[in-house]
1. Please give the length that would be gained between SER154 and GLN81 if that part of the chain were fully extended, namely 0.36 nm times their separation in residues minus their C-alpha to C-alpha distance (nm, one decimal).
2. How large is the helix-only mean residue ellipticity at 222 nm for the chain, computed as the sum of -39500 (n - 2.57) over DSSP H runs with n ≥ 4, divided by its residue count, in deg cm²/dmol to the nearest 500?
3. What distance in nm separates the two pseudo spin-label positions at THR124 and VAL161, each 7 Å out from Cα along the beta-carbon direction?
4. Return the sequence-ordered ³J(HN,Hα) values of the stretch 27-38 in whole Hz as given by the Karplus equation 6.51 cos²θ - 1.76 cosθ + 1.60 applied to θ = phi - 60°, using x for Gly and Pro.
5. Taking the alpha-carbon distance from LYS93 and a cut-off under 19 Å, which lysines remain once sequence neighbours fewer than 8 residues away in the same chain are dropped?
6. Of the peptides 74-87, 9-22, how do they stack up when ordered by the mean number of other Cβ atoms within 10 Å, highest first?
7. Based only on Cα atoms, what Rg/Rh ratio does the stretch 4-153 have, Rh being taken as Kirkwood's radius?
8. Using a Cα-Cα cut-off of under 19 Å, which lysines could be cross-linked to LYS224, ignoring same-chain neighbours fewer than 8 residues away?
Amino acid sequence: MLTRILIVKLSSLGDIVHALPLAAALRRGFPDARLDWVVDERYQEILDLVPIVDRRIVWRTRSVPAWRSVGGVVAELRREQYDVVVDAQGLLKSAVLARLSGGGRVIGLPRSHLREPGARLFYTEVSQPGAVRHVAAINLSLASALSMESAAASWEFPLEVRSPTAVADLRCRFGREAGSFAVVNPGAAWPSKRWPAERFGALAARLREDHGLAVAVLWGPGEKALAEAVVAASQGAATATGSTSLGDLAAVLKEAALLVSGDTGPLHIGAALGTPIVGLYGPTDPERNGPWSPDDLTVSRFTECRCQRVRRCRDERWCLEEISVDAVAAAAASRLAATA
């Protein structure tokens, strides 16, 4: 019987969300086991919303020297004497960390599914994901190495949503009840994943005109000017949110009638919460990284994109720029109609 299980998934925000079904499957399969998670300090806040994780172990990559952080984390992991360590990251650093933890079994994916194939050298065993394509399903397949064959049949995203002041603030400013506002998210870590701000603004105007929705514009660190550009182009339809915690963000998304976003963390949080979604995809594949509800929609230029999976495209015109406001507005209308 397993008593101590460790998940290694350091980053990023969306990738951590995609590993939540794996954590949920492990909790269902081993309800009495201790379930811990190693996470990069930049993304530790998301695990505050995951009550099934007993303990988060923070890898401090920014606040302390790297050598001290690695040494401290490894020492902490070795003290716990984990029965199983599951590397859901697939990078050399995560695989090395998993192996140095001293866990009895270190499980990862095969080379064909690793971003850095050399990580395979540090696993004691691998789990074959089969023909599944979505990254959440690939992560979930790691549970099969623990004789949990039925795990893949259930995708559970155990995010706990509270009622912070962010939702009340939006309701006050909009003067509307829950479910009567849309959210747009113009930011993304990859520049090539950002749909132009002026188009988000034009979309906000359409959402107000066609559907009577007020529009909240999300923004994260370094994105305030981007959000303000969306608001300026919205003809008064949009309002930028304040700088919110991830708990506030989750609460706002849970109440929204619609989320329009590129392939980035807030989209995946919204998908996990069941928010109606229109996803905008250029350099990444929506079949692998898209929202998983059959009701959600994507507007994609992935198959035509010459910069597939490239963070900074060198083309003068990026593939996301080929997506028109009309196309997104039509998808939004269809998605809203499905929830009417």
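1. On the way: separation 73, 0.36 × 73 = 26.28 nm, distance 2.91 nm.
Gain on stretching SER154 to GLN81: 23.4 nm.
2. On the way: 12 runs with 118 residues, N = 340.
Dividing the helical sum by the residues of the chain leaves -10000 deg cm²/dmol.
3. Distance between label points: 4.0 nm.
4. 5, 5, x, 9, x, 9, 7, 7, 10, 10, 8, 8
5. Excluding near neighbours in sequence, the set is LYS9.
6. On the way: 74-87: 18.8, 9-22: 22.9.
Ranking the peptides 74-87, 9-22 by packing returns 9-22, 74-87.
7. On the way: Rg = 14.0 Å, Rh = 15.1 Å.
With Rh from the inverse mean 1/r over Cα pairs, Rg/Rh is 0.93.
8. Cross-link targets: LYS193.
A short reminder: the numbers here are calculations on the coordinates, not readings from a lab. Keep in mind it's a predicted model, so treat the numbers as computed, not measured. Ideal geometry is used to build each Cβ from the backbone, glycine not excepted, and the neighbour counts take in all protein chains shown.
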